[in-house]
Amino acid sequence: MSTRVRFLLSTAALLCLVALMTVPAAGQGGRGGGAGAEGGRGGGRGAGVPPAGPIPRRADGKPDLTGRWDGSGGVLHNTVILEDHPGGFGIQSGKSLIVDPADGVIPYQPWALAERNRRRDDANGYEDQVGHCEIYEIARLASFAFDIAHASDGNGIIHHTQHITRVIDMNRRQHLPDGIRLWNGDTIGRWEGDTLVVDTTNLNAKGRMALGGDFYSADAHLVERFTMKDSNTISWTLTITDPKVFTRPWTMTSAVPMARRPPADNFDGEDTCHEGNVDLVHLKNVYDQAHGKGGAATWPPQYVQPPGGTR
Amino acid sequence: MRTRDLRVLIVLVAVGAAALFGTAPAAQAPAGQAYAPPRTAAGHPDLQGVWRAWNLAKYDLEAHGAKPGVPAGLGFVVDPADGRIPYQPAALKRRAENSAGTKDPDPWKNADPLVKCYLPGVPRITYMGWPFQIIQTADVVTFNYEWSHKKRQVPVTAKVPPPPSPEDVLNWNGVPRGRFEGNTLVVDNTNFNGYAWFDMAGNFSSAALKVTERYTLLGPDTLQYEATMTDPKVFTRPWTIRMPLQRQKDVGILDYECTAMLDELGIHHTWPREFEPPDL
């Protein structure tokens, strides 16, 4: 199938998902209405946000990151492709989010680039976990608005993002035992000066970073850095180290610096997606065409693994 | 001997009081308030932590005998005193049909919405056996569930407007509004879509359901959970369940992606999305 069709399908799936996730009761005979607490789209971006000032601080002197933030720049194309990409085929052009290496290209090993491209093929779009209403990967979450809160026990920081709440354990210094593998890994946090450093391991390598098939292995080590620049701006970077998949560590950032948005004030939405996921059947039809009816021989996805495997 | 008699008398009075007051929350309040919970900076009872219901409520909220794979249990309905959910006659028939529809483990054919990995509803999400984490800020209590990374955000400030009209918003888990009464977090849930069940036995409601939950710390590691269900279309009167939740100290919540488990079993979840509200 052509690239054009691929992107149209992918984009249709993405838009359907976004719609499903932001309209409560979509696909369930619901009658639309109330805006969801998720997403933070439209609706006077920037309005209701006071002018930027000095970094707000908590009682312990650390930056107070509380609030709603959005690093998407108002578009979602980077959930499709992380690197430089032209416009057309239903998506806007976009600059690479990769800031290191300087060429903006993810430094895949040759086998891994082949596997990334296999996943990118429209015939395999059905493998994407987000199309199944499953978890958004960490880099993918950064393309949407989210909330940060410092929990009142002082040790948790929360992201409320595209259904996902990440609780960052600020007290634990050791990751969980190797045997525990999680979709978005085990996350612990620490402060380095004014930067919140969020450290993730124990991944299960079942997801992908974008509709375009980017991925890392279960051995990956992810380090996010949240650095407040002023009261309305957070710089966010994600550095991925995974010698099984990449030739060197690499770093990405958000489409624009994460900007403060008006705080969430609507708690009436619900994170339904699977309940109304009528779009999945279209992705499966494409998959079946390529893999034989039912895809029985290849389902669940048989991902190519790093030479020598992972832990 | 006198002591024993006294004990019997106390038990009888307690049972009588529970029967008299019906909604046992009132009768329970003194027990809950015997423990002074820690407080958050906002002055609220600090319920934070990871909690889990280790019990048989997921199988059947009512007393039931053993079935294949299901241990017998005494049930969790504390009001009415007979432990039975006060169904109207037509609804009882529907419950029997629901239960009969749970025999086939194939999600495509099983009537239980949870087998299809649909949102479990309230209160079912509390006692399915997966842990959940309570996280508090001054304005919002977040319930972060390990099951399919679901969450509920309960506003506990007067700044939040009342729930929207059911004409506008109908949710599987309803729309929550919370408040603190003494040491108890009270959550009123409305705007249900009526598709969720209460357990694997087919107990159910309509979209007219209202659920009032009460979370009260009985000690450092025990959280009493209580839920009162009101639905004049299905029940003859409100009814209440109660159970303790245990604090989990080993680790925070992990993950359980329900639909991904279907994927791994080779089950495609591409069935038509056809939802029928309970037809009574």
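Estimate the FRET efficiency between A:Ala59 and B:Thr230 by the formula 1/(1 + (r/R0)^6), using the beta-carbon distance for r and 45 Å for R0, to the nearest 0.05.
The value I calculate is 0.60.
Of the residues A:Leu238, A:Leu211, A:Met228, the one whose Cα sits farthest toward the positive end of the charge dipole of segment A:200-311, with +1 on the Cβ of Lys and Arg and -1 on the Cβ of Asp and Glu, is A:Leu238.
Please list, in order, the residues from segment A:196-225 whose amide nitrogen is less than 12 Å from a point placed 7 Å along the Cα→Cβ vector of A:Thr251. Counting backbone N atoms under 12 Å from the label point, the list is A:223-225. Calculated mean residue ellipticity, 222 nm, chain B: -5500 deg cm²/dmol, from DSSP H runs (n ≥ 4) at -39500 (n - 2.57) each, averaged per residue and rounded to 500. Its Cα gyration tensor gives chain B an equivalent ellipsoid, and the semi-axes of that ellipsoid, as √(5λ) in whole Å with the largest first, are 30, 24, 20. Dipole of segment A:106-257, Cα-centred, from +1 at each Lys and Arg C-beta and -1 at each Asp and Glu C-beta, to the nearest 20 debye? For this selection, approximately 240 debye. A cut-off under 13 angstrom between Cβ atoms defines the neighbours of A:Ile98, and their net charge, with Lys, Arg +1 and Asp, Glu -1, is -3.
With both residues required to sit in chain B, DSSP beta bridges show an antiparallel share near 95%.
Put in order of Cβ neighbour count within 10 Å, fewest first, the listed residues A:Trp69, A:Trp191 become A:Trp191, A:Trp69. Placing unit charges on each Cβ (+1 for Lys and Arg, -1 for Asp and Glu) gives segment A:170-311 a dipole about its Cα centre, and among A:Trp191, A:His274, A:Asn285 the Cα reaching farthest toward its positive end belongs to A:Trp191. Across segment B:172-244 the C-alpha pair distances fall into 10 Å bins from zero in the proportions 19, 49, 27, 6 percent.
Amide H contacts for B:Leu170 (H built 1.01 Å from N in the peptide plane; partners 5 or more residues away or on another chain; cut-off under 5 Å): A:Arg31.
Each Cα pair under 8 Å and six or more residues apart adds its separation to the average, and for segment A:191-265 the resulting relative contact order is 24 percent.
Computed from the C-beta positions of B:Ala111 and B:Arg179, the FRET efficiency with R₀ = 35 Å rounds to 0.45.
Ordering B:Leu74, B:Ala91, B:Gln133 by the projection of their Cα atoms onto the charge dipole of segment B:57-137, which places +1 on the Cβ of Lys and Arg and -1 on the Cβ of Asp and Glu, puts B:Ala91 at the extreme positive end. By the count of neighbouring beta-carbon atoms within 10 Å, fewest first, A:Ser72, B:Ser165 end up ordered B:Ser165, A:Ser72. Rounded to whole numbers, the Karplus 3J(HN,Hα) couplings from phi for segment B:98-113 are 4, 4, 5, x, 9, 6, 8, x, 5, x, 5, 10, 7, 7, 6, x Hz, using 6.51 cos²θ - 1.76 cosθ + 1.60 with θ = phi - 60°, and x at Gly and Pro. For chain B, the dipole from Cβ point charges (+1 on Lys and Arg, -1 on Asp and Glu) about the Cα centre works out to 760 debye, to the nearest 20. Taking chain B as a Gaussian network, where each spring joins two C-alpha atoms under 10 Å apart, which residue of B:Glu264, B:Glu62, B:Glu226 fluctuates the most? Fluctuation is largest for B:Glu264. A Cβ-based charge dipole, computed about the Cα centre of segment A:189-311 with Lys and Arg at +1 and Asp and Glu at -1, lands at about 540 debye.
Quick note: the coordinates plus some simple rules give every number you see, no bench work behind them. Since we're looking at a predicted model, the values are computed, not measured. Note that each Cβ is placed from the backbone with ideal geometry, even for glycine, and that neighbours are counted across all protein chains shown.
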